[in-house]
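Asks: One structure coming up, written as structure tokens, with questions to follow.
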Amino acid sequence: MLGLAGMESSDAELVTRVLHGDVNAYGALVSRYRDRYARYAVHMLGNREDAEEALQDAFTRAYRSLARCEEPERFGAWLFRILVNRCRTSGARRVRRGQTFVHDEGALLNASEEHPAEQTMWREEIERAVGELSADQREAFLLKYVEELGYDEMSEITGVGVSALKMRVMRACDRLRILLKEVHSG
Amino acid sequence: MAEWGRTTLEMFVEELQRPVRLDESFDRRVMVKVRRLYAAQRPRGVRAVFAAIAGVSRRPAWAAALAASVVAVASVGIFRARALQPNAGATRLEPVTFVYVNKTARSVSVVGDFNNWGVGDTALVATNHQGVWSVKAPVATGLHRYAFVVDGKEWVADPSALRAPSDDFGLPSSMLVVEDASK
Amino acid sequence: MSNRKMRGMMVVMALAGSTVASANAQDPRMPLKIDAPSRAAIQAILDSAAAQGLPEAPLREKFLEGYSRGIEGPKIVAVVRALAVDMAIAHRQLGALASSDEIKAAASAVHAGVPAVELGKIKKQGGLRHSLTLPFTVLTDIVTRGVPVGAAVNAVKSMVGAGAKDKEITDFQRGVAGDIDKGAPPEAAAETRAKSATPEKKPEKPEGSQIDG
């Protein structure tokens, strides 16, 4: 589906091609950001099914709004903002449905072959601990430590002030510290 | 944070940073949708234009402009062509800043006929701790209706904008006239 | 009967049959498939609008608005049909050279309760004014805020007749809205603000400028 030329092009070039009618160029953007952003969606939403749905929706929304992408060279950041927003509404829907946070089945299946049982338990505990955080704290923690964004970038993406984000990250860390201590002591 | 053992933090984050791989069927599913949207953007007369809208719900603005121009050409005689003429050049985009104040909102987006009413497509950003949300978006010159969507579900009118008449859909909306700044 | 008249009759017939079905708004993010009869009805309205020389963009936008808000098909049909009727009424008053935005703005005013004939009078007052989109939109706004239709029309008509620019009309609207928010009677707010916003170089015409509220 994706040509080599598409894989080597910059985001801005691909966006321009899509806007000029080369719909296949969008496939290169999908391939480029699929896995990179799937991780955030999986950890944020807690299961692969919801994550794929959110990511798919983010890609189609981005396509529909592509003409309004003001900085095509930063397509990835723009797409990520759409995804973060989409995950928030997904999170709200999950709460309304009364579902619980579940671990990433796919990640568990890919667990390391070294001490697989122990590794699987560790992963499960990590996913459970992340799921114990409030949505705000989870979002802030993932953006800061997993996606390794600066607070200014996080603020731009989430629309939340830097101080509030720092507070959320701190509280997330406090909560995780307690949860992980429980795991180790248990 | 400092009390938290560095090893534990590293292990924890390291685990979360492991790549999550989606197979290529994901790309195919996305591109099937995208191609449908693309096909819907290629108008073939008035009927085809509507069918496209009804089938996929929203299209990029550039496609709408293209569709409008094609419809104008394909329309029924000089009477209609003249009616459309004053708007024929109305595709110029002007930056418009939307501002909404809500201290308790978790997300705010603006929807309107300039973004085909796509919820979440144009998100506002909270610029400070006072609940002031804003976004600067390019909007075509002309008259538009719009609303804010709070937390993805609550539709509200812009309290500082021109009011639209009591909405037939039972939900509030506002009006905006974007003028060509070059004139 | 000429072809044009016959076509007009067909349009009226197509637009007249209104089947308003009640529908409550659902979660607006939930995709809602438009049922086939509603799609056919919308298509018929679009075809009728095209035949009548009406711009289709406002109708498409209204359809998308309803669709995005999760409204059910029959309700969307009813609303789009009502808009088409309002646009047709407005179009008759504004003439063939009216822009899509002017027709859209005028249709909103009609929807808000402004008699279409008054829009025609405002247009005459406007003379060679480049666009009546903003005056019509402001008219709709102040009527929606509670200014009686007669007072609102007179205020906008006097400003347009005196050659007020869009910025002056915008300032007028802000003034009226602010005064009403502070507790002023809407009618008094409109009259007072119109006097201060109307340029003095063109005094208000005494004849044909008053209507019954």
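The values are calculated or read from the model by the stated rules, or taken from the named source; none is laboratory data. Fair warning: this is a prediction, and the values are worked out from it, not measured in the lab. Note: ideal-geometry Cβ built from the backbone for every residue, glycine included; neighbour counts use all protein chains shown.
Asks: Restricting the search to region B:108-144, which residues are more than 12 Å from the chain's Cα centre (by Cα), modelled with pLDDT of 90 or more and either surrounded by 23 or more Cβ atoms within 10 Å (Cβ to Cβ) or within 11 Å of chain C (Cβ to nearest Cβ) (or both)?
Replies: B:Val108, B:Trp133, B:Leu143, B:His144
Asks: Determine if region A:98-110 includes at least one residue that is modelled with pLDDT of 55 or more and facing chain B (nearest Cβ under 10 Å). Explain how you work it out, then say what you get.
Replies: First, pick out the residues of region A:98-110 that are modelled with pLDDT of 55 or more: none.
No, because not a single residue in region A:98-110 is modelled with pLDDT of 55 or more and facing chain B (nearest Cβ under 10 Å).
Asks: Suppose we filter A:Ala54, A:Ala38, A:Ala58, A:Ala77 for residues that are modelled with pLDDT of 90 or more, part of a helix (DSSP H, G or I) and more than 10 Å from chain B (Cβ to nearest Cβ); which single one remains?
Replies: Testing whether each residue is modelled with pLDDT of 90 or more, part of a helix (DSSP H, G or I) and more than 10 Å from chain B (Cβ to nearest Cβ) leaves just A:Ala54.
Asks: Restricting to region B:153-170, give me the number of residues that are out of contact with any Lys or Arg (no Cβ under 6 Å at 6 or more places or on another chain), within 7 Å of another protein chain (Cβ to nearest Cβ) and either touching a residue at least 24 places away in the same chain (Cβ under 8 Å) or hydrophobic (A, V, I, L, M, F, W, C) (or both).
Replies: Matching residues across region B:153-170 total 2.
Asks: Something else now. Take the residues in region B:145-160 that are closer than 22 Å to A:Thr158 by Cα and not in a strand (DSSP E or B); name whichever of them is modelled with the highest pLDDT. Steps first, please.
Replies: Narrowing region B:145-160 to residues closer than 22 Å to A:Thr158 by Cα: B:147-156, B:158.
Of the ones still in play, those that are also not in a strand (DSSP E or B) are B:151-153, B:158.
Details: B:Asp151: 91, B:Gly152: 87, B:Lys153: 86, B:Asp158: 94.
Among residues in region B:145-160 that are closer than 22 Å to A:Thr158 by Cα and not in a strand (DSSP E or B), the one modelled with the highest pLDDT is B:Asp158.
Asks: State all residues of region C:98-117 that are over 19 Å from C:Arg145 (Cα atoms) and not aliphatic (A, V, I, L, M); if no residue qualifies, say none.
Replies: Once the filter is applied, which keeps residues that are over 19 Å from C:Arg145 (Cα atoms) and not aliphatic (A, V, I, L, M), region C:98-117 yields C:Ser99, C:Ser100, C:Asp101, C:Glu102, C:Lys104.
Asks: Here's a follow-up. Collect the residues in region A:41-51 that are facing another protein chain (nearest Cβ under 10 Å) and either modelled with pLDDT of 90 or more or under 16 Å from A:Asp11 (Cα atoms) (or both), keeping them in residue-number order. Can you show your working first?
Replies: Going through region A:41-51, the residues facing another protein chain (nearest Cβ under 10 Å) turn out to be A:41-43, A:48, A:51.
A:Ala41, A:Val42, A:His43, A:Ala51, listed by residue number.
Asks: Can I ask one more? Residues to consider are A:Arg86, A:Arg128; find the one that is surrounded by 14 or more Cβ atoms within 10 Å (Cβ to Cβ), part of a helix (DSSP H, G or I), more than 10 Å from chain B (Cβ to nearest Cβ) and at pLDDT 80 or above.
Replies: On the way: A:Arg86 fails: more than 10 Å from chain B (Cβ to nearest Cβ).
The unique qualifying residue is A:Arg128.
Asks: Are any residues in region C:74-125 in a loop (DSSP other than H, G, I, E, B), farther than 18 Å from C:Ala49 by Cβ and touching a Leu at 6+ places or on another chain (Cβ under 9 Å), and if so, which ones? Step through it out loud before you land on a result.
Replies: Step one: list which residues in region C:74-125 are in a loop (DSSP other than H, G, I, E, B), which gives C:95-99, C:113-115.
Still in the list and also farther than 18 Å from C:Ala49 by Cβ: C:113-115.
Matches in region C:74-125: C:Val114 only.
Asks: Count, please, the residues in region A:156-186 that happen to be among the small types (Gly, Ala, Ser) and more than 8 Å from chain B (Cβ to nearest Cβ). Spell out the reasoning first.
Replies: Within region A:156-186, the first condition is being among the small types (Gly, Ala, Ser), and the residues that meet it are A:159, A:161, A:163-164, A:172, A:185-186.
Imposing the further condition that a residue be more than 8 Å from chain B (Cβ to nearest Cβ) reduces the set to A:172, A:185-186.
Summing the residues that are among the small types (Gly, Ala, Ser) and more than 8 Å from chain B (Cβ to nearest Cβ) in region A:156-186 gives 3.
Asks: Continuing with this model, one more query. Which one is nearest to B:Val156 (Cα to Cα), of the residues in region C:63-93 that are within 8 Å of chain B (Cβ to nearest Cβ) and of a type in the set (Lys, Arg)?
Replies: Going through the qualifying residues, I end up with C:Arg69.
Asks: May I pose another question? Hey, any hits in region C:134-145 for a residue that's at the interface with another protein chain (Cβ under 10 Å from one of its Cβ atoms) and touching a residue at least 40 places away in the same chain (Cβ under 8 Å)?
Replies: Yes; the residues of region C:134-145 include at least one that is at the interface with another protein chain (Cβ under 10 Å from one of its Cβ atoms) and touching a residue at least 40 places away in the same chain (Cβ under 8 Å).
Asks: Within region C:33-73, how many residues are at pLDDT 85 or above and assigned to a loop (DSSP other than H, G, I, E, B)?
Replies: The qualifying residues number 2.
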